[in-house]
Amino acid sequence: VQFTVARAGQKGYHHRTEINKKIYRLGDGYHTKEGKLITSNGSTEYDADEKPITPMGGFPHYGEVSNDFVMVKGCCVGPKKRVVTLRKSLLASFKKKQMEKIDLKFIDTA
């Protein structure tokens, strides 16, 4: 059997697809600006505090987020470190809920 053929027990891996996920935020990882390390990637315009996106103690079974990240509404199925491929949707959605602009006021990292 060729390696490209879906085998028994791998059906979830080969057929895991979701459409029209809402993207809340594209965030920068830790970076340097004018020779200074910037770690405040979890703040919004309305937040007074500068804080990282990683909650206190880190994410369970993942750790600290120090690279670029995407904040998505809902969930992404699969293990925590599995690569997720995003692409432009082939089915354009014109629902009011999908078209409204997102304005994050607070990100809870407690």
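The values are calculated or read from the model by the stated rules, or taken from the named source; none is laboratory data. All figures in this text were calculated on a predicted structure; none of them were measured in a lab. Quick reminder, even Gly has a Cβ in these numbers, built from the backbone with ideal geometry, and neighbours come from all protein chains shown. When the accessible area is computed, the model is the full protein with side chains, heavy atoms only, and any ligands, DNA or RNA have been set aside. Shrake-Rupley method; radii C 1.70, N 1.55, O 1.52, S 1.80 Å.
For the chain, what is the mean residue ellipticity at 222 nm derived from helices alone (per DSSP H run of n ≥ 4: -39500 (n - 2.57); sum divided by total residues; nearest 500 deg cm²/dmol)?
Value at 222 nm, helices only, nearest 500: -1000 deg cm²/dmol.
Can you tell me the length gained on complete extension of the stretch Ile23 to Met56, counting 0.36 nm per residue apart and subtracting the Cα distance?
Working: separation 33, 0.36 × 33 = 11.88 nm, distance 2.35 nm.
Here the segment from Ile23 to Met56 would lengthen by 9.5 nm.
In what order, largest first, do Ser43, Ser89 sit by accessible area if the probe radius is 1.4 Å?
On the way: Ser43 20, Ser89 50 Å².
From most exposed to least exposed: Ser89, Ser43.
Would you rank Ile23, Ile53 by solvent-accessible area, highest first, keeping every protein chain in place and using a 1.4 Å probe?
Values: Ile23 85, Ile53 15 Å².
Accessible-area ranking of Ile23, Ile53, largest first: Ile23, Ile53.
Just how much of Leu91 is accessible, in Å², when a 1.4 Å probe is used and the result is rounded to the nearest 10?
Surface accessible to solvent at Leu91 totals approximately 110 Å².
Among Thr32, Thr109, Thr39, what's the order by accessible area (1.4 angstrom probe), most exposed first?
Thr32, Thr39, Thr109
What full-extension length gain, to one decimal in nm, is calculated for Glu64 and Phe3 as 0.36 nm per residue of separation minus the Cα-Cα distance? Please list the in-between numbers first.
On the way: separation 61, 0.36 × 61 = 21.96 nm, distance 3.46 nm.
Additional length available on full extension: 18.5 nm.
Around Tyr24, which amide H atoms from residues at least 5 apart in sequence, or from another chain, sit under 5 Å from its own amide H, with H modelled in the peptide plane?
So Tyr24 has HN proximity to Met71, Val72, Lys73.
Just tell me which lysines come within less than 18 Å, Cα to Cα, of Lys51; anything on the same chain fewer than 8 places away is out.
Here the lysines satisfying the reach criterion relative to Lys51 are Lys33, Lys36, Lys105.
Only sites in a loop by DSSP and with at most 15 other Cβ atoms within 10 Å count here; which chymotrypsin sites (Phe, Trp or Tyr not before Pro) in the stretch 36-110 make the cut? Could the numbers behind the result be given before it?
On the way: sites: Tyr46, Tyr62, Phe69, Phe94, Phe106; in loops: Tyr46, Tyr62, Phe94, Phe106.
Loop-located and lightly packed - Tyr46, Tyr62, Phe94, Phe106.
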